[in-house]
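Enquirer: Please find one structure pasted underneath; my questions will follow.
The values are calculated or read from the model by the stated rules, or taken from the named source; none is laboratory data. Keep in mind that this is a model prediction, so the values were computed, not measured. Cβ placement follows ideal geometry from the backbone for every residue including glycine, while neighbour counts extend to all protein chains displayed.
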Amino acid sequence: MRVIKSIKEMQNLANEAKKAGKRISFVPTMGALHKGHLELISEGRKRGDLLVVSIFVNPTQFGPNEDFNRYPRDIEGDLKKAREMGVDVVFTPTIEEMYPEGFQTYVEVSKLQNHLCGIFRHGHFRGVATVVLKLFNIVKPDVAIFGEKDYQQLKIIQRMVKDLNLEIEIVGFPIVREEDGLACSSRNSYLSHEDKECASTIYRALQEMKIEFERGQLSAREITEKGKRILKRAGIEEIDYIEVCDPETLESKQKATRGDIVAVAVRIKGVRLIDNIKL
Ligand code: PAF
């Protein structure tokens, strides 16, 4: 496995691979690799000849009061896991390499970013779209895999790829969960055992909301009120949002229909967790 820090070196390697007719698959990550990432990597392994994983904690997608500094980092552990998964290249640039002095070009997917997390994390998706486009230009993938836990991120990347005519297939991979249902996330490592138990209610609430819909409840308000009650009973008071939304536009719905997404973001002792389910 090669570990590359330089953009030029990564681009040269990608160019050589392409010349040799190889299909490049790509899994972008911020490291602290968990079971969810490993599933994305395994999917990437199946879909390409040269599998590249990036590890870069991207400062431009964190707000000034967010957890950039304390975001979990474990490069040695990550490299070990990547090696075991048969990754060909880990691209792990420094901040200076990605954002040298004078950097000032950003990408915004204007409407999709104005819903759900975009309302609570101002500038977050601008940072995500920008870094992902940069990574695409560096790694030159034919296919890239993103987890569906970050559903809005996935939709924004798909939109950007379409709007900017990038020749990259974007694959959404189903949410990977812990045994208790909690969606895998690097941020789960902030949670104590007790907080984790509380956090497992998020998925239970989503499942209950889906059951409510399947029983014939179409009012988004009734559905989400039920979810809120379940969360609050478990002691989760800080709910950023809990919404039934259109799976493509992410617009909030009043009347739920099959295929809609119920998306939720909560904070447990300051740790922000998101999850979603398809109706
Ligand atoms: O989902 C993530 O880990 C990040 O948002 C991504 C896509 C790697 C961009 O920094």
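Enquirer: Would it be correct to say that H115 is surrounded by fewer than 18 Cβ atoms within 10 Å (Cβ to Cβ) and within 24 Å of Y241 (Cβ to Cβ)? Explain how you work it out, then say what you get.
Expert: Working: surrounded by fewer than 18 Cβ atoms within 10 Å (Cβ to Cβ): no; within 24 Å of Y241 (Cβ to Cβ): yes.
No: the conditions fail for H115.
Enquirer: Among the residues of the stretch 84-97, is any out of contact with any Ser or Thr (no Cβ under 7 Å at 6 or more places or on another chain), closer than 25 Å to I170 by Cβ, in a helix (DSSP H, G or I) and within 14 Å of the ligand (Cβ to nearest atom)?
Expert: Within the stretch 84-97, none of the residues are out of contact with any Ser or Thr (no Cβ under 7 Å at 6 or more places or on another chain), closer than 25 Å to I170 by Cβ, in a helix (DSSP H, G or I) and within 14 Å of the ligand (Cβ to nearest atom).
Enquirer: Same structure again: Does the stretch 36-46 hold any residues that are touching a residue at least 60 places away in the same chain (Cβ under 8 Å) and over 14 Å from the mean Cα position of the chain (by Cα), and which are they?
Expert: Within the stretch 36-46, E43, G44 qualify.
Enquirer: Another question, then. Say we look at the stretch 188-199 and pick out the residues that are surrounded by fewer than 18 Cβ atoms within 10 Å (Cβ to Cβ) and within 20 Å of the chain's Cα centre (by Cα); which of these is nearest to K255 (Cα to Cα)?
Expert: K196
Enquirer: Same structure, new question: Working only within the stretch 136-148, note down all residues that are within 13 Å of the ligand (Cβ to nearest atom) and under 15 Å from I41 (Cβ atoms).
Expert: Within the stretch 136-148, V139, P141, A144, I145, F146, G147 meet the criteria.
Enquirer: Same structure, new question: Filter the stretch 35-56 down to residues that are surrounded by fewer than 20 Cβ atoms within 10 Å (Cβ to Cβ) and not in a helix (DSSP H, G or I) and give me whichever is nearest to the ligand (Cβ to nearest atom).
Expert: Here the residue is F56.
Enquirer: Could you tell me whether the stretch 9-27 includes any residue that is of a type outside the set (D, E), under 16 Å from the mean Cα position of the chain (by Cα) and not in a helix (DSSP H, G or I)?
Expert: Within the stretch 9-27, one or more residues are of a type outside the set (D, E), under 16 Å from the mean Cα position of the chain (by Cα) and not in a helix (DSSP H, G or I).
Enquirer: To continue, here is another question. So, in the stretch 57-68, of the ones that are within 11 Å of the ligand (Cβ to nearest atom) and part of a loop (DSSP other than H, G, I, E, B), which residue ends up farthest from Q113 (Cα to Cα)?
Expert: Taking the candidates together, the pick is V57.
Enquirer: Scan the stretch 101-135 for residues that are among the aromatic types (F, W, Y), free of Cβ contacts under 8 Å to residues at least 60 places away in the same chain and within 15 Å of the ligand (Cβ to nearest atom) and jot them down. Let's see the steps before the verdict.
Expert: If we filter the stretch 101-135 for residues that are among the aromatic types (F, W, Y), which is where we start, we get 103, 106, 120, 125.
Still in the running and free of Cβ contacts under 8 Å to residues at least 60 places away in the same chain: 103, 106.
Across the stretch 101-135, the qualifying residue is only Y106.
Enquirer: Those residues that are over 26 Å from N188 (Cα atoms), surrounded by fewer than 15 Cβ atoms within 10 Å (Cβ to Cβ) and not basic (K, R), I need them from the stretch 247-279; list them, please.
Expert: Hits for the stretch 247-279 are E248, T249, E251, Q254, T257, G259.
Enquirer: Tally time: how many residues in the stretch 204-223 are buried (at least 20 other Cβ atoms within 10 Å of the Cβ) and either farther than 12 Å from D260 by Cβ or not hydrophobic (A, V, I, L, M, F, W, C) (or both)?
Expert: 3
Every residue, every condition in (1) among the aromatic types (F, W, Y); (2) closer than 20 Å to F120 by Cα; (3) at pLDDT below 95, yes or no:
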{"site": "D150", "(1), (2), (3)": "no, yes, no"}
{"site": "Q158", "(1), (2), (3)": "no, no, no"}
{"site": "I168", "(1), (2), (3)": "no, no, no"}
{"site": "E178", "(1), (2), (3)": "no, no, no"}
{"site": "L191", "(1), (2), (3)": "no, no, no"}
{"site": "Y203", "(1), (2), (3)": "yes, no, no"}
{"site": "L206", "(1), (2), (3)": "no, no, no"}
{"site": "I211", "(1), (2), (3)": "no, no, no"}
{"site": "E214", "(1), (2), (3)": "no, no, no"}
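Enquirer: Y71 fails exactly one of the following numbered conditions: (1) hydroxyl-bearing (S, T, Y); (2) within 12 Å of the ligand (Cβ to nearest atom); (3) assigned to a helix (DSSP H, G or I). What is the number of that condition?
Expert: Failed condition: (3).
Residues are listed down the side, and each one gets a yes or a no for (1) touching a His at 6+ places or on another chain (Cβ under 6 Å); (2) in contact (Cβ under 8 Å) with a residue 12 or more places away in the chain; (3) within 20 Å of I170 (Cα to Cα):
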residue: K8; (1), (2), (3): no, no, no
residue: A17; (1), (2), (3): no, yes, yes
residue: H34; (1), (2), (3): no, yes, no
residue: G48; (1), (2), (3): no, yes, yes
residue: N69; (1), (2), (3): no, no, no
